[in-house]
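Quick notes on the structure that follows.
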Amino acid sequence: GEFIVMVGPSGCGKSTLLRMVAGLERVTSGDIWIDRQRVTEMEPKDRGIAMVFQNYNLFKNRTVLENVTQGLTIVRGIAKDEARERAIKALSSVGMDGYEDRYPIQLSGGQQQRVSIARALAIRPDVILLDEPTSALDPELVSDVNDVITKVAQTGVTMILVTHEIRFARNVASRVVFVEKGKILEEGSPEQVIDNPQSPRIREFLSKMMAK
């Protein structure tokens with residue numbers, strides 16, 4: 001049920017860590033545990049995880065509905081009728097009712113990212129990973145997607161978000177993790193890490209980010 005936000009400079013390893021949790025990158029040492037279960041050697045589809053990427057990763061030749069149902073039917077073997085029902089419910093929860101028959105090219109970037117979030121919700125994951133989900137969006141669309149992310153977080157699903165949006169992180173996170181050169185430099189509540197960081201490096205980083 002936590003909303004964990006990872007922040008830190010570009011190239012510090014935040015996205016790589018998310019991809020290892022999701023099973024998209026091989027772990028060369030150490031272990032990953034989710035809800036007291038070791039998942040390091042599990043197949044990605046068995047980890048109870050969904051991932052939302054920076055650039056949506058939608059199939060351009062599939063409709064919105066097909067983009068959401070395809071993983072359910074092909075990867076998870078769910079019957080088409082149930083997959084459709086799940087997809088429609090997930091699309092409705094992110095405000096995409098009525099867009100089921102449209103193609104990605106007919107949608108704005110913010111709408112495509114909402115479809116991507118719906119696709120993640122439809123598999124009913126234990127954990128949702130979000131890798132800078134607003135970085136590819138025009139500035140006026142960012143708040144729209146952030147509102148959807150906040151709404152999803154309020155359902156109680158565990159979320160791990162990588163973002164450079166410090167103000168958003170401050171408002172939504174239950175825990176903030178600052179990553180530097182592949183290591184956790186500091187972690188704690190937003191009040192601790194963002195409002196009162198102990199590390200001079202974090203203070204320097206935050207002052208630059210908040211000035212943007």
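Some observations on this one:
- Once the Cα gyration tensor of the range 114-177 is diagonalised, semi-axes √(5λ) in Å: 18, 15, 10
- In degrees, nearest ten, helix 200-210 long axis to first principal axis of the chain (Cα): 50
- Efficiency of FRET between Arg201 and Glu43 - r from beta-carbon atoms, R0 41 angstrom, step 0.05: 0.65
- Rule-of-thumb Rg ratio for the range 152-196 [Cα; 2.2 N^0.38 Å; N residues]: 1.17
- Springs join every pair of Cα atoms under 10 Å in this Gaussian network model of the chain, and among Arg36, Arg170, Arg114 the largest mean-square fluctuation is at Arg36.
- Under the Debye formula (equal points on every Cα, no solvent term), log10 I(q)/I(0) of the range 59-212 at q = 0.08, 0.15, 0.20, 0.21 Å⁻¹: -0.28, -0.83, -1.21, -1.29
- Phe59 versus Arg124: modelled label distance in nm, points set 7 Å from Cα along the beta carbon direction: 2.3
- Radius of gyration and maximum dimension Dmax of the range 26-103, Cα, Å: 15.3, 46
- Carbon/sulfur fraction of accessible area - the range 20-100, other protein chains in place, 1.4 Å, %: 46
- Ranking Ala211, Ser15, Gln192 by Cα position along the charge dipole of the chain, where only Lys, Arg, Asp and Glu carry charges on their C-beta atoms, puts Ser15 farthest toward the positive end.
- Cα-based helix-to-principal-axis angle, 109-122 vs the chain, degrees rounded to 10: 80
- Given their separation in residues at 0.36 nm each and the Cα-Cα distance between them, Asn171 and Ser29 gain 47.7 nm when the chain is fully extended.
- Magnitude of the charge dipole, the chain, Cβ model with Lys/Arg +1 and Asp/Glu -1, debye to 20: 280
- Spin-label pair Gln192/Ala136, simplified geometry with 7 Å Cα→Cβ offset, distance in nm: 3.5
- In degrees, nearest ten, helix 80-93 long axis to first principal axis of the chain (Cα): 50
The values are calculated or read from the model by the stated rules, or taken from the named source; none is laboratory data. Only a predicted model underlies this, so the values are computations on that prediction, with no experimental measurement involved. Here the Cβ is made from the backbone with ideal geometry for all residues, glycine too, and neighbour counts use every protein chain on show. The protein model used for the area step is the full one, side chains on, heavy atoms only, and it has no ligands, DNA or RNA in it. Shrake-Rupley method; radii C 1.70, N 1.55, O 1.52, S 1.80 Å.
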